[in-house]
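**Student:** Structure provided below as structure tokens; questions to follow.
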Amino acid sequence: MEKFVYLFNQGSADMRSLLGGKGANLCEMTNIGLPVPPGMTISTAACAEYYKADQKLPQNIIDEVRENLTTLETAIGKKLGDTTNPLLVSVRSGAVFSMPGMMDTVLNLGLNETTVQAVAKNTGNLVFAYDSYRRFIQMFSDVVLEIPKHDFEHLLAEHKKQQGVTYDQELSAETLRAIIDSYKILVIERTGSPFPEEPIDQLFLSIEAVFRSWNNDRAFIYRNLNKIDHNLGTAVNIQSMVFGNMGNDCGTGVAFTRNPSTGENILYGEYLTNAQGEDVVAGIRTPQPIAKLESEMPEVYAQFANTAHILEQHYKNVQDIEFTIEKGKLFILQTRNGKRTAQAGIKIAHDLAMEGLITKEEALLLIEPGQLDQLLHRQIDSNATLNVIATGLPASPGAASGVVVFDADHAEQLGKTGAKVLLVRTETTPDDIHGIIAAQGILTSRGGMTSHAAVVARGMGKPCVCGCEALKIDYTKKTVTVGQTIIKEGDLVSIDGATGRVILGLVPMVDPELSTEYLAILAWADEVKRLDVRANADTPEDAQKAREFGAKGIGLTRTEHMFMGHDRLPHVQRMILAENPAERHDALSYLLPIQENDFYGILKAMEGYPVCIRLLDPPLHEFLPSLEDLLIETTQLRITQSNMPLLAEKESLLKKVRALHESNPMLGHRGCRLGITFPEIYEMQMQAICNAAVRLTLEGYTVLPEIEIPLTIGKAEMAFFKEKIDTIAKNTMEKHQATFHYLSGTMIELPRAALLAGELAEVAEFFSFGTNDLTQTCLGFSRDDAEGKFLNHYLDMKILAENPFITLDRKGVGQLMKIAVTNGRQTRPDLLIGICGEHGGESNSIAFCHEIGLDFVSCSPYRVPIARLSAAQAAISKGENYGTR
Ligand code: PEP
Ligand code: MG
């Protein structure tokens, strides 16, 4: 019979998919002899059974939980619901992938009017017993009975106010008793039934609630954001309680084995004395730094530091550890790989490899490629004069400016309009997730470095300053007051997540410097990757930037913007409006030297590396005024009869625009079809490239232009242009007595070109997959229409798993690519093949490009580091380089 329940000594770390991350690690820690309170894990398979049975726990699972509970009770010597020695447990979710704060937890389960007295008697501490009971009622009611926490907090606050106390632990037994009574009345009012007294009922109701919480809104949003499979389900961990709230020799905390913000190798975290579980993460009291524990409880600190070291060595990764101290004794409640900032992620991976704990390849696999991007983002200019109004905790680095917004819904609304917002809250909860996603940065007045806002912002790479207690936030008036300064909703504020500074107004920002660890990691990546990484760049400045980020060439220079500037556009329009080839030649002769200089600049910036230049691609009407504008202008001129020559000019323009108008421009007169109908345009561009190459060659530079024909459907077009390229190149080289190496090739953007790649390669010397158009034409989706209208439905309904314009559609588009690679190389074994659509900078797509044997990927300059690391990870996971140190 299938086993659904595992005691902590029956599992291990590699049973993660069955036991969830938390359960598997609790088992692993139990096995290596760490002080873990005993318990059991109900597997993710049980969660699936629960959903299969229409959200009911099947009887066999109920029986298995009961059996294991008996074993646990015997081992601990306490019994759930026992009137003299009651066992209290926590019930927590634990998914396969960590989803901090997204699902639910119930602590102190097993308390009722009888057991609470037993606990008071056994501990000699009635305040503690009542405090635990009122917390339990509150959590259970929230998680299981779905009565909002806020309603209980409201009652608690009223009692505190009546008693004139600030902190929970100042409440007397009498007041706590009164609070419990008021909580119970609230439960009856809301549910019509009394609070469940029977501990075993409490247990099963909580287990089911945790399974249900897998599908709550915030968990759903979190999974979508982090691309976690909705079918995985959660495990449930039932663990005997230890108490951090029994007095001042007790406490609870969270610590990382290294600093998750900077990566520095020191224990990093926070704790609260005389507090329970969620108090630290909830951000209600601002906790003490872990270093203080060393002076407060030196022995416990030493034991904790040693345990942290053991865990890091064991898991070969930074650990995020939850612990509780009960009457001077340390217990470890959880460990998991610590979430970290991009900066810390790189330093940690680098340092762990240098310390010999992991190999360089393992270090490369530890880094999430997308995080590299964050480090290329802007920081506050250190020379700027700043109006710093307060300083909080530096919870997640990077700088952000935005208009102040006080609630998540509003942040989301404004974000959708394109506004940059700064979400300002006393503290955030998982319910604010949509606002955090929409905001540029997060600022809170309460909570520590491990508060919800801090953890989530770090995970998303958003700047965050938290625990900024100088801020007095008034949600009703929608203001935040700092000393004499009053900031209203809509005012501009900036934060610096690296230092914790809160600054009035906008701030000047600068590009960051890359750390030595960053550069070392990328150098390791270059050692193991097989794919070359190039950049898409249209200007010498972009080419230069790309080179700095490590691009080894340009995979796509789009030439259309070279037709746009005010010195060019009139000639481009003249060229389009020309009535005959002679007029067209005249206009083009103005453009030739201008384009020659453009190419000169780019080839020079990329000296020594290949530069792939694509000839003109967009339809010609894009260079003319819009039909609508011309209609209005001509109508006005006709009515006023004020300027007849101008009217004639505009009417002729209108006629041309009408003639060029297309019902489906994406599939219309564009790409090399322009070169077929107006060969002079392409000839001018070919000439300009050759002139620039010759000039640079004569100046002593090595240039490697690749002339690229867009949107071919097969060999015939390519042959037509190849002949022209060769003639122009030959004549130019002869004329100037200089030789340079060049290639002629094509974009593969249409299914037909991919299918006929074998023939195409007879003339094309290289292919570059233009997967933006190839995706549009393979799926028959126009990107703008799809993303604006129906693609989200396709994703929601799981007709498509991913947006194919972001992550390459391996099944369809990928199939065409494979055919093109195989057939192209069959004809021409040394055919150079790359990708230059947006997928060239996306990790998953890069892995595919590696698998099917492309030579290079090309992406925007800022994505070059991501592509370098992704290419390395692809090579490592294919086992090509694994194992060297
Ligand atoms: C492509 O289609 O993938 C491509 C790179 O060309 P563009 O995006 O300019 O259409
Ligand atoms: Mg294209």
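**Student:** Please say if the chain is rounded, prolate or oblate, where rounded means a/c under 1.5 for a ≥ b ≥ c the square roots of the C-alpha gyration tensor eigenvalues, and otherwise the choice is prolate for a/b larger than b/c and oblate otherwise? Write down the numbers at each step before the final one.
**Tutor:** Values: a/c = 2.36, a/b = 2.02, b/c = 1.17.
The shape class here is prolate.
**Student:** Still on this model: So which GluC sites (Glu not before Pro) in the range 662-710 are both in a DSSP loop and have at most 15 other Cβ atoms within 10 Å of their Cβ?
**Tutor:** Working: sites: GLU662, GLU680, GLU683, GLU699, GLU706, GLU708; in loops: GLU662, GLU699.
Hits after loop and neighbour filter: GLU662, GLU699.
**Student:** Quote to one decimal, in nm, the extra length available between ILE676 and ARG177 on full extension: 0.36 nm per residue of separation minus the C-alpha distance between them. List each step's numbers first, then the result.
**Tutor:** On the way: separation 499, 0.36 × 499 = 179.64 nm, distance 8.78 nm.
Full extension from ILE676 to ARG177 adds 170.9 nm.
**Student:** What ranking do 772-778, 692-698 get when scored by the average of other Cβ atoms within 10 Å per residue, highest first?
**Tutor:** Details: 772-778: 22.7, 692-698: 20.7.
Packing proxy ranking, top to bottom: 772-778, 692-698.
**Student:** How many angstrom lie between the C-alpha centres of the range 292-354 and the range 629-683?
**Tutor:** 68 Å
**Student:** Could you work out the helix-only [θ] at 222 nm for the chain, with each DSSP H run of four or more residues adding -39,500 (n - 2.57) and the total divided by the number of residues, to the nearest 500 deg cm²/dmol?
**Tutor:** Details: 34 runs with 404 residues, N = 885.
When only DSSP H runs of four or more count, the value is -14000 deg cm²/dmol.
**Student:** Output the peptides 414-420, 260-266, 143-149 sorted from most to least packed, where packing is the average of other Cβ atoms within 10 Å over each peptide's residues.
**Tutor:** Details: 414-420: 13.1, 260-266: 18.7, 143-149: 16.7.
Result, highest mean first: 260-266, 143-149, 414-420.
**Student:** Additional query: Which of rounded, prolate, oblate describes the range 276-418, given a ≥ b ≥ c as roots of the alpha-carbon gyration tensor eigenvalues and a/c under 1.5 marking rounded, otherwise prolate only if a/b is larger than b/c? Before the final figure, lay out the partial values.
**Tutor:** Numbers: a/c = 2.04, a/b = 1.32, b/c = 1.54.
Oblate is the answer for the range 276-418, as a/c is 1.5 or above yet b/c matches or exceeds a/b.
**Student:** So, one more: To the nearest 20 debye, what charge dipole does the range 5-240 have about its Cα centre, counting +1 at the Cβ of each Lys and Arg and -1 at the Cβ of each Asp and Glu? Write down the numbers at each step before the final one.
**Tutor:** Numbers: 21 positive and 28 negative charges, 87 e Å.
Computed charge dipole of the range 5-240: roughly 420 debye.
**Student:** Output the peptides 808-818, 572-582, 30-40 sorted from most to least packed, where packing is the average of other Cβ atoms within 10 Å over each peptide's residues. Present the calculation step by step, with values, prior to reporting the outcome.
**Tutor:** Working: 808-818: 19.9, 572-582: 15.5, 30-40: 18.4.
Packing proxy ranking, top to bottom: 808-818, 30-40, 572-582.
**Student:** Identify, among ILE676, ILE799, GLY247, the residue whose Cα sits farthest towards the positive end of the charge dipole of the chain, taking +1 on the Cβ of Lys and Arg and -1 on the Cβ of Asp and Glu, with the dipole about the Cα centre.
**Tutor:** Going by the Cα projections, it comes out as ILE676.
**Student:** Rounded to whole Hz and in sequence order, give me ³J(HN,Hα) for the range 867-877 from the Karplus expression 6.51 cos²θ - 1.76 cosθ + 1.60, θ = phi - 60°, writing x for Gly and Pro.
**Tutor:** 5, 5, 5, 4, 5, 5, 4, 4, 5, 5, 5
**Student:** Follow-up question, since we're still on this one. Summing Lys, Arg as +1 and Asp, Glu as -1, what charge do residues with Cβ under 10 Å from the Cβ of ALA408 carry, ALA408 excluded? Show your work: numbers first, answer last.
**Tutor:** Working: positive: ARG425; negative: ASP407, ASP409, GLU412, ASP431, ASP432.
My count for the surroundings of ALA408 gives -4.
**Student:** Efficiency by 1/(1 + (r/R0)^6): what FRET value for GLU762 and ARG638, r their Cβ-Cβ distance, R0 = 41 Å, to the nearest 0.05? Walk me through the numbers on the way to the answer.
**Tutor:** On the way: r = 56 Å, r/R0 = 1.35.
Given R0 = 41 Å and the Cβ-Cβ separation, E is 0.15.
**Student:** Let me ask another. Rounded to the nearest Å, what's the spacing between the alpha carbon centres of the range 691-725 and the range 558-622? Just the number, please.
**Tutor:** With the range 691-725 and the range 558-622 each reduced to a Cα centre, they are spaced 14 Å.
**Student:** With the cut-off at 27 Å, tell me which of the pairs LYS184/LYS292; LYS360/LYS552; LYS329/LYS360; LYS227/LYS416 have Cα atoms farther apart than that. Can you show the working numbers first?
**Tutor:** On the way: LYS184/LYS292 39 Å; LYS360/LYS552 22 Å; LYS329/LYS360 39 Å; LYS227/LYS416 21 Å.
Too far apart for the 27 Å limit: LYS184/LYS292; LYS329/LYS360.
**Student:** Amide H to amide H, which residues 5 or more places from CYS612 or on other chains are under 5 Å from it, using H placed in the peptide plane?
**Tutor:** ILE554, GLY555, LEU556, THR557, GLU706
**Student:** Sticking with this structure for a sec: Which is farthest toward the positive dipole end of the chain among THR166, ALA349, SER98, measuring Cα position about the Cα centre, with Cβ charges +1 (Lys, Arg) and -1 (Asp, Glu)?
**Tutor:** Final value for the positive-end residue is ALA349.
**Student:** OK, next. Just to confirm a number: summing +1 for Lys and Arg and -1 for Asp and Glu over residues other than MET1 whose beta-carbon lies under 13 angstrom from that of MET1, what do you get? Numbers along the way, then the final one.
**Tutor:** Numbers: positive: LYS3; negative: GLU2, GLU49, ASP63, GLU64, GLU67.
After counting each charged neighbour, the total is -4.
**Student:** While we're on this one: Multiply the residue separation of ALA419 and ASP54 by 0.36 nm, subtract the distance between their alpha-carbon atoms, and state the gained length in nm to one decimal. Don't skip to the end; give the middle numbers.
**Tutor:** On the way: separation 365, 0.36 × 365 = 131.40 nm, distance 4.30 nm.
Using 0.36 nm per residue and subtracting the Cα-Cα distance, I get 127.1 nm.
**Student:** From the phi angles alone, apply the Karplus equation (6.51, -1.76, 1.60; θ = phi - 60°) to the range 308-325 and give each ³J(HN,Hα) in whole Hz, x where the residue is Gly or Pro.
**Tutor:** 4, 5, 4, 5, 5, 5, 5, 8, 6, 6, 5, 10, 10, 10, 9, 9, 9, 10
**Student:** About its Cα centre, what dipole magnitude does the chain give when the only charges are +1 on Lys and Arg Cβ and -1 on Asp and Glu Cβ, stated in debye to the nearest 20? Don't skip to the end; give the middle numbers.
**Tutor:** Working: 83 positive and 111 negative charges, 49 e Å.
With only Lys, Arg, Asp and Glu charged at Cβ, the dipole is about 240 debye.
**Student:** Amide H neighbours of LEU145 under 5 Å, at least 5 residues apart or on other chains, H built in the peptide plane: list them.
**Tutor:** Long-range HN contacts for LEU145: none found.
**Student:** Here is a further query. Relative to the Cα centre, what is the charge dipole magnitude of the range 689-765, using +1 at the beta carbon of each Lys and Arg, -1 at the beta carbon of each Asp and Glu, and rounding to the nearest 20 debye? List each step's numbers first, then the result.
**Tutor:** On the way: 7 positive and 11 negative charges, 38 e Å.
That gives the range 689-765 a dipole magnitude of about 180 debye.
**Student:** Enter the Cα centre distance for the pair the range 751-824 and the range 7-77, rounded to the nearest angstrom.
**Tutor:** Answer, in whole Å: 45.
**Student:** By how many nm would the segment from ALA157 to GLU296 lengthen if fully extended, with 0.36 nm per residue of separation less the alpha-carbon distance? Don't skip to the end; give the middle numbers.
**Tutor:** On the way: separation 139, 0.36 × 139 = 50.04 nm, distance 3.01 nm.
Using 0.36 nm per residue and subtracting the Cα-Cα distance, I get 47.0 nm.
**Student:** Within straight cross-link reach of LYS811, meaning Cα distance under 17 Å, which lysines are found once same-chain residues fewer than 8 apart are removed?
**Tutor:** List returned: LYS798.
**Student:** In sequence order, what are the phi-derived ³J(HN,Hα) couplings for the range 176-183 according to the Karplus relation 6.51 cos²θ - 1.76 cosθ + 1.60 with θ = phi - 60°, rounded to whole Hz, with x for glycine and proline?
**Tutor:** 4, 4, 5, 5, 4, 4, 5, 4
**Student:** Now for a different question. To check you understand DSSP bridge types, tell me what percent of the beta bridges within the chain (both residues inside) are antiparallel, rounded to 5.
**Tutor:** Numbers: 63 of 102 bridges.
Here the antiparallel bridges make up roughly 60 percent for the chain.
Every number in this text was worked out from the coordinates using simple rules, so none of it is lab data. Here the structure is a predicted model, which is why all the values come from computation and not from measurement. Don't worry about glycine lacking a Cβ; one is built from the backbone with ideal geometry, like all the others, and counts go over all protein chains shown.
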